[in-house]
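Since the structure comes first, as structure tokens, the remarks are kept for the end.
The values are calculated or read from the model by the stated rules, or taken from the named source; none is laboratory data. As the structure is a prediction and not an experimental result, all values here were calculated from the model. Cβ: placed from backbone, ideal geometry, glycine included. Neighbour counts: every protein chain shown. To get the accessible areas, we keep the full protein, side chains included, count just its heavy atoms, and leave off ligands, DNA and RNA. Shrake-Rupley method; radii C 1.70, N 1.55, O 1.52, S 1.80 Å.
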Amino acid sequence: MLWIVYCVLHSVLASEWIKQTLHRNFKAYRWYRLFYTVFAFIFLVVIIYCQIQMRTIELFQRGNFVFVVGIITLTSGLFLMLVCIRKYFMNLSGLRSLAIEDFSNELQITGVHKYVRHPLYLGTFIFIWGLFLIIPQLSMLIANVIITVYTLIGIEIEERKLLAEFGDDYRLYRQTVPKLVPFPKLKREQ
């Protein structure tokens, strides 16, 4: 239930309507993104703590092979997430809005964004499902399904926002770079 509440709050607090309302009515709006990030992080820690404390059912006996695959998967996802967070930490954290009053976003198409449009979400999926291989519990499965469905819906909403913000540049980027899975391009024989 906490995961669903977290997802709903995350969506509401990140909505353009809330941002525009706060921007119009509060002089402290420039602190909003930082507040939002801190709030989301603290709530996330509380949810994880509750999930760890929860009594749950183990879904299968994890062998050494599955454990190693889980560690490799989890580590790969964490690495990708850290690369992305490092790349746009100032925007994600809200610190950039404190330093620059009115900044505009840039379309990210370099680095890992050359291979996939949403690398942070891809890293998150790899991480959480790798964690499930390490901790194959019912509560982890439920959390992962909620996070996955919520994120897939969020990606579609974000795609529309990016199209509205960047127009033809994003349309072209979308045609040349896959959304989540970096499939290699196959050359056709002529």
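Which residue fluctuates most in the GNM of the chain (Cα springs below 10 Å): MET140, MET81, MET54?
Result: MET54 has the largest fluctuation of those listed.
Positive end of the dipole of the chain, charges at C-beta (+1 Lys, Arg; -1 Asp, Glu), about the Cα centre: which of VAL45, ILE155, GLY70 has its Cα farthest in that direction?
Farthest towards the positive pole: GLY70.
Once label points are set 7 Å from the Cα along Cα→Cβ at both PHE183 and VAL66, what is their separation, rounded to one decimal in nm?
It works out to 3.0 nm between the two label points.
In the neighborhood of LEU163, defined by Cβ-to-Cβ distances under 15 Å, what is the net charge if each Lys or Arg adds +1 and each Asp or Glu adds -1? Walk me through the numbers before you get to the answer.
Working: positive: ARG117, ARG160, LYS161, ARG171, ARG174, LYS179; negative: GLU16, GLU156, GLU158, GLU159, GLU165, ASP168, ASP169.
Its environment carries a net charge of -1.
From the alpha carbon gyration tensor of the chain, can you work out the equivalent ellipsoid semi-axes (sqrt of 5 times each eigenvalue) and give them in Å, largest to smallest?
Numbers: eigenvalues 183, 130, 40 Å².
Result for the chain: semi-axes of 30, 26, 14 Å.
Which whole-number value in Å² is the accessible area per residue of the chain, probe 1.4 Å? Can you show the working numbers first?
On the way: 13150 Å² over 190 residues.
Using a 1.4 Å probe on heavy atoms only, each residue of the chain averages 69 Å².
Please list, by residue number, everything in the range 112-152 whose backbone N is under 17 Å from a paramagnetic label point 7 Å out along Cα→Cβ of MET54.
From the range 112-152, the list is 128-151.
Would you grab the residues whose amide H sits under 5 Å from the one on GLN137? Only those 5+ places off in sequence or on another chain, please, with H modelled 1.01 Å from N.
Under 5 Å from the amide H of GLN137 lie the amide H atoms of LEU59, each far enough along the sequence or on another chain.
Could you rank the peptides 70-77, 128-135 by their average count of other C-beta atoms within 10 Å per residue, with the highest value first?
Working: 70-77: 16.6, 128-135: 18.5.
Result, highest mean Cβ count within 10 Å first: 128-135, 70-77.
Alpha carbon centre of the range 130-158 versus the range 11-71: separation in Å?
So the two Cα centres are separated by 12 Å.
Relative to the Cα centre, what is the charge dipole magnitude of the chain, using +1 at the beta carbon of each Lys and Arg, -1 at the beta carbon of each Asp and Glu, and rounding to the nearest 20 debye? Please report the intermediate quantities before stating the final value.
Numbers: 20 positive and 12 negative charges, 37 e Å.
Rounded to the nearest 20 debye, it is 180 debye.
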